[in-house]
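Chemist: My questions all concern the structure below.
Values quoted throughout were computed directly from the atomic coordinates according to the rules given, and no laboratory measurement underlies them. Quick caveat, the model's predicted, so the values are computed rather than measured. All Cβ positions, glycine included, derive from the backbone under ideal geometry; neighbour counts span all protein chains shown.
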Amino acid sequence: MSESQRVREAEKRTSRADGTPDDYLYEAAIYDTLWAELNELDLPFLLARAEKFGGPLLELACGTGRVLLPCAAKVERAVGIDRSPSMLKEARANLKAAGIDEERVDLVEGDLRTFELGQRFPLILAGGQPMFHLPTDDDWLATLQTVRRHLAPGGTFVAGVPVFTEEDIRNYDRRYLFSGEVRHPETNRRIAMWDFSTFDTDKQTITRRRVSEVLDEEGVVLERQHGLRVNFYRFPDQIRALLNRAGFRITREFGAYDESPYSTESEYFIWEVTAED
């Protein structure tokens, strides 16, 4: 294989269908190990929504299927959409490993703002915090309008985000913090990670530089990689206004995944909404 062919093959592996880089290429294989504690945080809540509202269900930014696949066991059919081909590759492997009938779960590469599935769902979920990947209010509104197009009459859209406080900013802004160490599930190599996050409170952004180091058993660094990611956070009042502008009515609000009510002291803002007629 020539050098130009190797470059083209590398570009295919690192790009989405629209040609933009796949931000999760490096983390996809370790994502489930890295974020295993999320299953204790939000998964019981989301599984309860699947049982309550039924299916078929759609999950936005389904990633590796961390939420989608357990929910699929509760309903007759589930669909997941995600922009990252590497995350969807992991989801397909997890689907096979779980022994779930592949005809019951569709995994689709697409942009949350513009995807079109040609079907409607009584329940649409967004596990984790993919809404904070949307840079502008226009991106929020485009995504919410896409959700509304795919929501069945009387259907429910459920999502949640953390609420950042001044204390959070003091604790995390411009500090180099150890994020943890995991074993790569395929190579069994040690991977240690540090994050340096910068908050811009005027633009409401968090820019995170993650330094990942592959270590040998003695702790010698074999490989180091830097990754940059920007999240765009919103506060509850801003989210309520965007939901209202998109034609949604909030039916329930929670301040935690234990279903406690939202208050100004809550660490999370979680909503269940339905589309206005």
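Chemist: Using amide H atoms built in the peptide plane, which far-off residues or other-chain residues are under 5 Å from Gly80 H to H?
Modeler: Glu59, Asp106, Leu107, Val108
Chemist: Once you charge only the Cβ atoms, +1 for Lys and Arg and -1 for Asp and Glu, what is the size of the charge dipole of the chain about its Cα centre, to the nearest 20 debye?
Modeler: Magnitude of the dipole: close to 540 debye.
Chemist: In terms of the Cα gyration tensor, with a ≥ b ≥ c the square roots of its eigenvalues, is segment 38-142 rounded because a/c is under 1.5, prolate because a/b exceeds b/c, or oblate?
Modeler: Cα axes put segment 38-142 in the rounded bin.
Chemist: Per the helix-only calculation at 222 nm, which mean residue ellipticity applies to the chain, given -39500 (n - 2.57) for every DSSP H run of n ≥ 4 and division by its residues, nearest 500 deg cm²/dmol?
Modeler: The per-residue figure over the chain is -8500 deg cm²/dmol.
Chemist: Compute the distance in nm between two label points, each set 7 Å from the Cα along the Cα-to-Cβ direction, one at Arg245 and one at Val211.
Modeler: Distance between label points: 3.9 nm.
Chemist: Shifting gears a bit: Would you list which aspartates and glutamates come within 12 Å of Lys74, measuring only between C-alpha atoms, while excluding same-chain residues fewer than 8 positions from it?
Modeler: The reachable aspartates and glutamates, counting only those whose Cα sits under 12 Å from Lys74, are Glu51.
Chemist: Further question: Say a site is exposed when it is one of the GluC sites (Glu not before Pro), sits in a DSSP loop, and has at most 16 other Cβ atoms within 10 Å; what is then the longest site-free stretch of the chain?
Modeler: The segment 117-185 is the longest one with no such site.
Chemist: Now, a different point. Once both labels are modelled 7 Å past Cα along the beta-carbon direction, what's the Arg229-Leu141 spacing in nm?
Modeler: Each label point lies 7 Å from its Cα, and together they span 2.8 nm.
Chemist: Next question. Roughly what % of Cα-Cα distances in the chain sit above 27 Å, to the whole percent?
Modeler: Looking at the chain, the distances longer than 27 Å represent 42 percent of pairs.
Chemist: Rounded to two decimals, what is the ratio between the C-alpha radius of gyration of segment 94-164 and 2.2 N^0.38 Å?
Modeler: Computed over Cα atoms of segment 94-164, the ratio equals 1.25.
Chemist: Taking a point 7 angstrom from the Cα of Glu40 along the C-beta vector, which residues in segment 247-277 have backbone N less than 19 Å away?
Modeler: Inside the label zone: 256-260, 267-268.
Chemist: What are the extents of the Cα atoms of segment 164-214 along their three principal axes, in Å, largest first?
Modeler: 42, 18, 15
Chemist: Could you check the spin-label model distance between Gln204 and Lys96? Points 7 Å from the Cα along Cα→Cβ, value in nm.
Modeler: Result: 4.2 nm between the two label points.
Chemist: OK, next. Assign one of three labels to segment 167-252, namely rounded, prolate or oblate, based on the Cα gyration tensor with a ≥ b ≥ c the square roots of its eigenvalues; rounded applies when a/c is under 1.5, prolate when it is not and a/b is larger than b/c, and oblate otherwise.
Modeler: Cα axes put segment 167-252 in the prolate bin.
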